[in-house]
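Please read the structure below before turning to the comments.
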Amino acid sequence: MYDICPKLDVISGTSKAIVLCFRLHFTKDNITNNTAAATVRQVVTVVFERVVAEDECYKDVIEQPIGILGNSNRRSVSTLKPCAKDAYMLFQDLCQLVNADAPYWLVGMTEMTRTFGLELLESVLNDFPQVFLQHQEFSFLLKERVCPLVIKLFSPNIKFRQGSSTSSSPAPVEKPYFPICMRLLRVVSVLIKQFYSLLVTECEIFLSLLVKFLDADKPQWLRAVAVESIHRLCVQPQLLRSFCQSYDMKQHSTKVFRDIVNALGSFIQSLFLVPNTGNASTATSQTGGSVPGGTASTQTNPGMLGMGGGVTVLPAFEYRGTWIPILSVSAQGSAKATYLEMLDKVEPPTIPEGYAMSVAFHCLLDLVRGITNMIEEELGQVETDGEMTTPDAQSSPTHSSDLQDLGSTSDQTDKETVSRAVWEEMVNACWCGLLAALSLLLDASTDEAATENILKAELTMAALCGRLGLVTSRDAFITAICKSSLPPHYALTVLNTTTTSLSSKSYSIQGQNVQMISPSSESHQQVVAVGQPLALQPQGTVMLTSKNIQCMRTLLSLAHCHGAVLGTSWQLVLATLQHLVWILGLKPGVGGALKPGRAVEGPSTVLTTAVMTDLPVISNILSRLFESSQYLDDVSLHHLINALCSLSLEAMDMAYGNNKEPSLFAVAKLLETGLVNMHRIEILWRPLTGHLLEVCQHPNARMREWGAEALTSLIKTGLSFNHDPALSQNQRLQLLLLNPLKELSNINHPDIRLKQLECVLQILQSQGDSLGSGWPLVLGVMGAIRNDQGESLIRTAFQCLQLVVTDFLPTMPCTCLQIVVDVAGSFGLHNQELNISLTSIGLLWNISDYFFQRGEIIEKELNKEEAVLQKQAEEKGVTLNRPFHPAPPFDCLWLCLYAKLGELCVDPRPAVRKSAGQTLFSTVGAHGTLLQHSTWHTVIWKVLFHLLDRVRESSTTADKEKIESGGGNILIHHSRDTAEKQWAETWVLTLAGVARIFNTRRYLLQSLGDFSQAWDVLLDHIQSAALSKNNEVSLAALKSFQEILQIVSPIRETDKPDTPPAINVPVPVLIGTVTATGFGRSFMRTDSIGERIGRYNATEPPVAICVGSESMQIMYPAIFDQLLAFVEFSCKPPQYGQLETKHIANAKYNQAEWVALNYVPFAERSLEVVVDLYQKTACHKAVVNERVLQNIIKSLADCKAVPFLCITTVLSRSKRSAMISHMFIFVVLCAVPHGAVHAYAYGFGMEKKGSPLFKKCSKCRLKMAKNVGHSNWFLYLSANVRGETLSGLMSVFILFSICKTDLFARQHASSGKFDSMWPELASTFENFLFTKSSPPDNLSIQEFQRNESIDVEVVQLISTEILPYANFIPKEFVGQIMTMLNKGSIHSQSSSFTEAEIDIRMREEFSKMCFETLLQFSFSNKVTTPQEGYISRMALSVLLKRSQDVLYRYIEDERLSGKCPLPRQQVTEIIFVLKAVSTLIDSLKKTQPENVDANTWAQVIALYPTLVECITCSSSEVCSALKEALVPFKDFMHPPASKVQNGES
């Protein structure tokens, strides 16, 4: 393209051509002027392009560098090639011309404007920087020519002070000239951009000048172009890095980079503080002329006008009355200047209002964006290189490669250290000025986009500072964002402290301090929310603007995206979020997520529609913020946890003594953070749960509630989380998770304990099968419930225990079973609810059943664990210490169970004692075979005897005062109405249980070495109980004594030893002499029969004497006599000496008198023996000949002689036991006829079963058993089981005794053996049915009716079992029976009844039954024997007499009653009699005449007059019955015709 080697004349021609073009440029003709200017620019460009081409040709030629001498001559340097020499000379002459000096090469140039020269210089420097960088000669020109020229031309701009008076100065100061100044700044920008590495010192001067041009005393246009120049620098982060390295990091250098940033901040502040006079400076030109253009100061705020006029609001900054619009000046990341490009302007332009602010604003944004992107990119590269280097360094194959790697690693480390120092210096240099400017702009911003950009810049700087570890600057930026998120002057201590420390700082610009200005409290933003501040004593309300919400979003974004670098700044961030959440009314929900609260919770909270729409989004962002904590490193996570804990402590302090709703933000977010970090829960578990445990102890209920909710939720989630390794294989982690649950037991608040127990219940339901080693902690929680902690807590804890015992005993380690026993026993001791105590005893029984069923497995596992513990104890040199050591582990488990039941046996509550005692002795009896033989020693001495001692002590010291009620509406029976009586029952139960164990486990106990001592202790307890003043205890002691003397008892085969040990333990004295209290003499046994029985060999089992020899059988009558004497004690107690005997019911305990004991139980037992013995001996001659049966009946007749007296005074105390004994008598006597038949068949030679007598007796027995045994007996039983009929007991007893005896006797009436029995039997019937004793006054109607029903049953028995067999019975006895029936058929009533009760109290049913029985045997037509005819005639005579009496009495009563009706029962009776008369007459007509004697007819006819007198009755029913009775008398108007036989009538 160009001639590479031009000749000299060509070069000279080039200079001349250039000179010519310059001259043409300064002609008066505009066209020539412009064309020449363009040509000059092109020529200059061509000259330098030839240099570039020339360098390209010689780029491979290596030349020796030649030192450049001082530029003293004015000719081109000889070392340069031809084209380079031309360019050199041209550029040098341009500098000369601009400096108003003569050119060296462009000979003939006389003039050139500085503006055109500066443009040419800028063009060359900007287009061909490589020429100046590659050639030292050109670099020399830059240093020696260009830079001094620029500094010289800047002089007017530096010295000028706008508004300063120059009259005192010796020489006038030249005013800045816009075209020159603007072009100088363009040149400076190029120099700094392209040749900074060559002009470090010069660039320092240029940058300092740029900073000075931003001063407030400079013209506004100068400040505008200066800020445009700075903007060009700010978009070049590498250049800024160079500034920092070259200046700021040098010890004695100017802090250029810091000054630039601070100057921008100061410039922005000055625009708000100094009135806008930028346009005023343009009012006069450089020559004093005026320039058209108005000033903004003469206008009102256009933004406000726009608002008023309904136009879109202009984006602007507004601060303390100063309104500055925001203009769009350049795209993000570019520096498109406006005034630096005005090359055609001669006069200073009119600077639009807000332009300088907008450029400075973009400067800050681009500066932040540039340096953060650059540093983060470099930092990321360093981290990547470090990751790549680390694995290489770990595996080095050779020593040489090791050295290389070490060298490269060292270089890498050094490089990283240098880079990090630069990064930190850049941030330290700029953050203070940036923060001041951005904070001011954020406060003043009224535009959402501008606010967003400012917040983004602050966020970016905060993140960068955090990444570099610059805590102070990081906290400063975060504090700025936090304060912007809150209302102005919000009382937040942590922010105010940080702000105060920052506001006290000042930043300097070129050594001059510039004070930070505080943000304005004025708000021109839309208010979107009004709420209460989070303070101890809130004063009024606070307002949140849309800008606050926007800042809050930025804060959330900062925490979400850069949480790893926040460190201790989490405290600032979370504190701010807490207050914002409180003002917005967000409340924690399930899992810790915040949800909009109800309106009623904050009556002063007002939210606009816009913020209401944003609340769910904010809530979601908050949740995602803490969900993202799972990606934080461990250190950052701990910072987050510590910050939340610190916030929670502040909230707790604020809630002390305050019933207001506390802030639950921190607690909720602790929960949320813990839930999402379960994969590394170990690193945060202790600080997290430790603080939550503190929260659970807070006096504020709401605070406690959430603390417990958070803690229990974390525990449940931690246990259900899929850990690696699983919890079943990580015992330490499982215990770590469960330990806080146990720690809750140390808190006394009931709501916390309830939460704890509900958590335990849920853990059992979901994770119970996998608790493993955590069972002791879980069981410890249940057992930690105290008796005073309320019924609800105890019930919930007990529910957990029930679940454990029901479902999880097989899954837990056997070593935990003892804990289960202890916990179950502790619930039995709780006195809050009786049902729980009783159910816990049932659980102990279930546990014992489990021990029994899985005994082998449990024993094996316990032995294995015992061996491990024993080994550990030996290694430590200590003794293994556990309860009941050295018993085997499995036996220790049983002993713990027995010990717990033993504790419950002495509980203050009788029901618990009773249930525990029954369970204890049942458990020992059922499962005692599992114990080792040696363990029984512990059972006897430490469980059973220990229990007996405590029970005896409690019984003897029990209170004797009467207990009115058992709690609530429960009444206490008189036999248990004192504590002494209740403890007596316990004593009875315990003594009986111990005695039973001694009896059933005799083979085991006898082989123990100290059996004799144990036997003595047991006898001592029995003796002390027998001497007790309580009858129940004394009787129980004797029964226990009897039981332990039973030598033969059923024993399990497993209880017997392989070889029965020889019993060499003599028992010479079973019990000492018992002294009767109060008499001082011994009870001596005088029973001869007992003495004789005692002589038998006691080593052999007793044999029934009924199968003994005949010589033995003769003693039966004597035995019966003695037993019957005992039976009479029930009504006739024995007397002692001359003392008057009184019944217990009539005794007064304060008198010194003999009180007969209640002999009824003894008499009943004797009666049982009588019946049992008679059943076995009825076949013996001695029994038959001595009339034992008659004696029994006589004795019973004597006992019933005073039935009501005996029953009400004695039998009423034990009527149930009497009923049972009488039932035995009935069952036995049902078999008496069969045995009696055998006896008499034997005695009279009719022993063959086929004989008629035997068959008839058997048939009668079966008939009796069927009719009486199945109907009448159960009727009696149903009437008396409830204990409501007293007379029925004795009545039925006598009734069945007589009827069964009669069944046998009627078969042998002719033998004479029973002649004396019939009067006794008749008398017994008479006295029973018509007793002379009066019934009690308090006898109820129902009781009377039940008594009557028993009487009816007796009459039915007579009708079915006696009268049909009249031919076997003496006539006298039958007559007595008929007389009784006649007497009974007459209605009778007791005079003690009131008139209203007469209808009910009369024995109407009984009378009717008697009358029907008479009627039944009066109409008997089947007369086969004279005896049967006799009974019919007798019955007929009695019936007619009875009818006559009834008719007479009716006639008399009818006459006396007048118009008053007769009683219903009397009318019924007369109707019944009239119908019976009618039926009787019809029956007599049908009977053979020879069977009816004359007396009978006379009696029938005698009824007629009486019947006629009844015609006047007023009752229609009686008249109808009377008519039917009179009609049959028509046949008796004449005597019947007699038959003629053989001629005789």
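The values are calculated or read from the model by the stated rules, or taken from the named source; none is laboratory data. Because the structure is a prediction, the values reported are computed rather than measured. Glycine also receives a Cβ, built like all others from the backbone with ideal geometry; neighbour counts cover every protein chain displayed. Protein only, heavy atoms only, side chains kept; ligands, DNA and RNA dropped before computing areas. Shrake-Rupley method; radii C 1.70, N 1.55, O 1.52, S 1.80 Å.
Some observations on this one:
- Using the Cβ-Cβ distance between Ser1334 and Glu1509 with R0 set to 35 Å, the FRET efficiency from 1/(1 + (r/R0)^6) comes to roughly 0.45.
- Take each peptide in 180-188, 802-810, count the other Cβ atoms within 10 Å of every residue, and average; sorted highest first, the result is 180-188, 802-810.
- Subset of Lys1132/Lys1194; Lys669/Lys716; Lys16/Lys152 violating a 19 Å alpha-carbon distance limit: Lys16/Lys152
- With all protein chains in place and ligands, DNA and RNA left out, the 1.4 Å accessible area ranks Arg686, Arg680 as Arg686, Arg680, largest first.
- For segment 676-725 versus segment 825-899, the inter-centroid distance based on Cα atoms is 33 Å.
- Estimated at the nearest 10 Å², the accessible area of Glu416 is 70 Å² with a 1.4 Å probe.
- Straightening the chain between Glu144 and Asp1315 buys 404.3 nm, computed as 0.36 nm per residue apart minus the Cα-Cα spacing.
- Taking 16 Å as the cut-off, the amide N atoms of segment 543-581 that come nearer than this to a point 7 Å along the Cα-to-beta-carbon line of His489 belong to 543-544.
- Out-of-range pairs (alpha-carbon distance over 22 Å; input Lys1485/Lys1530; Lys1332/Lys1383; Lys942/Lys1039; Lys962/Lys1029): Lys942/Lys1039
- Backbone geometry of segment 1014-1020 corresponds, through the Karplus equation with coefficients 6.51, -1.76 and 1.60 at θ = phi - 60°, to 3J(HN,Hα) couplings of 5, 5, 4, 5, 4, 5, 5 Hz, x marking Gly and Pro.
- Overall form of segment 774-869 per C-alpha gyration tensor (a/c, 1.5; a/b vs b/c): prolate
- Val1171 - accessible surface, heavy atoms, 1.4 Å probe, Å² rounded to 10: 10
- A full extension of the chain between Asp217 and Tyr850 corresponds to an added length of 218.0 nm, given 0.36 nm per residue minus the alpha carbon distance.
- For segment 764-780, Karplus couplings with θ = phi - 60° (6.51, -1.76, 1.60), whole Hz, Gly/Pro x: 5, 6, 9, 10, x, 6, 10, 5, x, 5, x, 4, x, 5, 5, 5, x
- 11 Å beta-carbon shell around Tyr1450, net charge (K/R +1, D/E -1): -4
- Spin-label model, Tyr104/Tyr1003: points 7 Å from Cα along the beta carbon direction are separated by 13.7 nm.
- Virtual spin-label span in nm between Arg786 and Val1527, 7 Å along Cα→Cβ: 9.5
- Heavy-atom SASA rank of Trp941, Trp983 (probe 1.4 Å, accessible area, largest first): Trp941, Trp983
- The label-point distance for Ala331 and Leu829, in a model that sets each label 7 Å from Cα toward Cβ, rounds to 8.5 nm.
- If R0 is taken as 22 Å, the Cβ-Cβ distance between Gln1444 and Thr1360 corresponds to a FRET efficiency of 0.20.
- Backbone HN-Hα couplings from phi across segment 189-198 [Karplus 6.51/-1.76/1.60, Hz, Gly and Pro as x]: 4, 5, 4, 5, 5, 8, 10, 4, 5, 8
- Here the extension length gained between Val868 and Leu1027 equals 52.0 nm, from 0.36 nm per residue of separation less the Cα-Cα distance.
- For Leu455, neighbours were defined as the other residues whose beta-carbon sits under 13 Å from its Cβ, and their charges (Lys and Arg +1, Asp and Glu -1) total -1.
- FRET efficiency estimate (nearest 0.05) - Cβ-Cβ, Ala1125 to Trp1497, R0 45 angstrom: 0.25
- Charge context of Leu793, other residues only, Cβ under 12 angstrom, K/R +1, D/E -1: -1
- A protection proxy built from the mean count of other Cβ atoms within 10 Å ranks the segments 1174-1183, 743-752, most packed first, as 1174-1183, 743-752.
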